[in-house]
């Protein structure tokens, strides 16, 4: 046999051998495991950690003033009165007549405020009024909206519109005519600003939401004619603006529009923490998990069990989503109210619960992914293990949920953390 | 030149087409640190390894390398197809191995060899499901585990021909290898239970020394014996030492007898002290010393290109080092093989088929080995 034959044999034998192996791939061992797969079983232990955490508290005042979305307008008898303020600190005070040069505006006519109004599930009364008040007072502190409440008086009413349920179309743009004489005084006085307080009124409970300002969005705007000459275009689509506060810089923009909660039910009670309501409350929970749990075992399931305490009041049958956020503020942020704004997006490592305020019972928050993440964080990290609860309707709905806290009088309803874990083990070593 | 190019391209292509090694740990042959491939060449395996003590291509006896031609390169490919019977259900799996490679060269009375062979093959994948009681509820889970790698025996050996009746040899062994294991247990998304995922690299390191002798007291009769004595061996887990033991000592004795012209009978006894590896594993692994008995024959076959081919057959019984549920696994094998000389003995293709029957822990396993060895003597 020659070298040529050797090559032939070789070339024949190798593909043959490859083909033998290629057609037999079989991975699934079916019934032979776990009998023939020792060392792959895991031991599971269950434990309950009580108290589940070291701190829980309700932090009130969310969203931060000016960040409400949407803005709520509500008048529900003695239980609820929520209004809104929209600032127009910059007005158009000059115009250019056709064929002429720039001139100051001296005449104002046909002024109106436009807002997008939607009901968002609340019944529309047969008849209701949307009222606009001139609540301009630059001497007041910007961050105290309740200081504006005395300005919602008839003497300052600059416009109103009556809306019938038959003519109301949900999410429609509503024009509130504004008093031309008052508007002329405001526009022609360069020192004058325009801050409009919005209030809804009806003989029965009424509640609406309006779209707040956003650049290029569908928020409130005003329009007015500046000349009797109809060929002169009107000032239209003038968007809100705010000139104060001047310090800190860049904050003024947040005060373009905001809610004024005049009356709202108090859902805070001792031995509980609340989430939602008006003004919006957030629940802040700080954990101090044992080191063995985060460092030495593999957590399979970690469930925070919270006992819901029923809340009676407005919208107590609404379903709300309880969002969970991971706090990323470090320990240098000692103001918890501020720390509760430095958070991740919701749903990261946890589930979202759907709750009805008037319900009660044990609610479960799945936290195993979160506990694992905390285990990955350097133990010297200055970021506390904390979460924040808030509702998806924060600041725009009176609906609130309440849970018994770690200092609840009845130990049976205190929060507890149920953990199932497996002791750490290296698989694969026979 | 173009033809040579085509040959090379064909070899590379064939190699690339070869599937990766896939098998299941769920077999009784690959428990513990893996399956002892036997360190037998395809030629020796055809006769059940009975002549391995004097087979130059089986990296057992360093004295046997003197039997090789002046230069020799041998490589082997060995797929195994298994069927494991558990609880009335048959599970098929397959593994592909390249168990031996060796190059030898001769200078006067000395023969040197370097090679690598698989001592323990631990390549498997398994997938199955079970349910776990977590927080008072039974939660279904899917498990997928795998191991890839082997403990290999890298040997540098030298053989010396004392005279025409006696050859001796010395081998230095480095035992090295890696097992890369993956463990994944996943739960349904709706269960709210986090899965477990783990990747671990286990590394072996050890040394050993082997001594061998081949004697030919008279024409047609060969006795051979070898001893591998182990040094320490460590097991590292992600580069941290987690176990320390010894390279298992092995002692073997073999005999070849040309009983009648054209037919040789071989026998071999081998004992490996696998329990010396005990410190490497956990308490859960059951390790046993293993004994191997083999009986085989090589018969001259028809001439191919002027050189005789060989027809081989044999029977082998042995115990495996790693048990099932504390029970030692026994393996019986029936083998058949062909040796095809090529290019006026400048090359050799050995093909062996082995039917192995294993029992242990009340479980039966059957496997077919197909072993193809290539030898080139440039």
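Tabulated values for the structure
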| read-out | value |
| --- | --- |
| Near-label residues of segment A:304-321 by backbone N, under 15 Å of a point 7 Å along Cα→Cβ of residue B:137 | A:304-306 |
| Listed residues A:393, A:231, A:324, most fluctuating in chain A (Gaussian network, C-alpha, under 10 Å) | A:231 |
| Per-bin percent of Cα-Cα distances, segment A:217-364 [10 Å] | 8, 23, 29, 19, 12, 7, 2, 1, 0 |
| Among B:239, B:318, B:97, residue whose mean-square fluctuation peaks in a GNM of chain B (springs only between Cα atoms under 10 Å) | B:239 |
| Ascending count of other beta-carbon atoms within 10 Å, so fewest first, for A:389, B:374 | B:374, A:389 |
| Label-point gap, in nm, between residue B:190 and residue B:315 - each point 7 angstrom along Cα→Cβ | 5.8 nm |
| Per-pair calculated FRET efficiency, R0 = 45 Å: residue A:409 and residue A:249 via Cβ, rounded to 0.05 | 0.40 |
| Linear extension gain, residue A:106 paired with residue A:167, 0.36 nm per residue minus alpha-carbon span | 18.4 nm |
| At R0 = 56 Å, FRET efficiency that the Cβ-Cβ distance of residue A:382 and residue B:223 yields, to 0.05 | 0.15 |
| For segment A:71-255, alpha-carbon Rg over 2.2 N^0.38 Å | 1.06 |
| Residue A:373-residue B:166 FRET efficiency (beta carbon distance; Förster radius 56 Å; 0.05 resolution) | 0.20 |
| Separation in nanometres of the label points that stand 7 Å from Cα toward Cβ, at residue A:296 and residue A:338 | 3.8 nm |
| Intensity falloff of segment A:42-104 expressed as log10 I(q)/I(0), Debye formula with alpha-carbon point scatterers, at q = 0.21 Å⁻¹ | -1.02 |
| Spatial separation of Cα centroids for segment A:75-141 and segment B:128-175, in angstrom | 81 Å |
| Centroid-to-centroid separation of segment A:352-368 and segment A:406-430 [C-alpha atoms, Å] | 18 Å |
| Inter-label distance, nm, simple model (7 Å from Cα along the C-beta direction), residue B:109/residue A:392 | 9.1 nm |
| Segment B:277-378 pair-distance distribution - Cα-Cα, 10 Å bins, rounded % | 14, 32, 25, 18, 10, 1 |
| Span per principal axis, largest first, for the Cα atoms of chain B (Å) | 76, 46, 41 |
| Using alpha-carbon coordinates, inclination of helix A:3-22 to the longest axis of chain A, degrees | 60 degrees |
| Residue among B:216, B:143, B:134 with the largest mean-square fluctuation in a Gaussian network model of chain B, springs linking Cα atoms under 10 Å | B:134 |
| Residue order, fewest to most surrounding Cβ atoms within 10 angstrom, among B:236, B:241 | B:241, B:236 |
| Mean-position separation - Cα centroids, segment B:282-299 and segment B:214-267, in angstrom | 12 Å |
| Global form of the protein assembly as shown, assessed from the alpha-carbon gyration tensor, a/c cut-off 1.5 | prolate |
| Which of B:300, A:71 has the fewest Cβ neighbours within 10 Å, and the rest in rising order | B:300, A:71 |
| Cα-derived Rg to Rh of chain A, Kirkwood definition | 1.21 |
| 10 Å Cβ neighbours from other chains, averaged over peptide A:419-429 | 6 |
| Percentage relative contact order, chain A, counting C-alpha pairs under 8 Å, at least six apart | 24 percent |
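Bear in mind that the values in this text are calculations on the coordinates, not laboratory data. Everything quoted here is computed from the prediction, not taken from an experiment. Note that we place each Cβ from the backbone using ideal geometry, even for glycine, and neighbour counts take in every protein chain shown.
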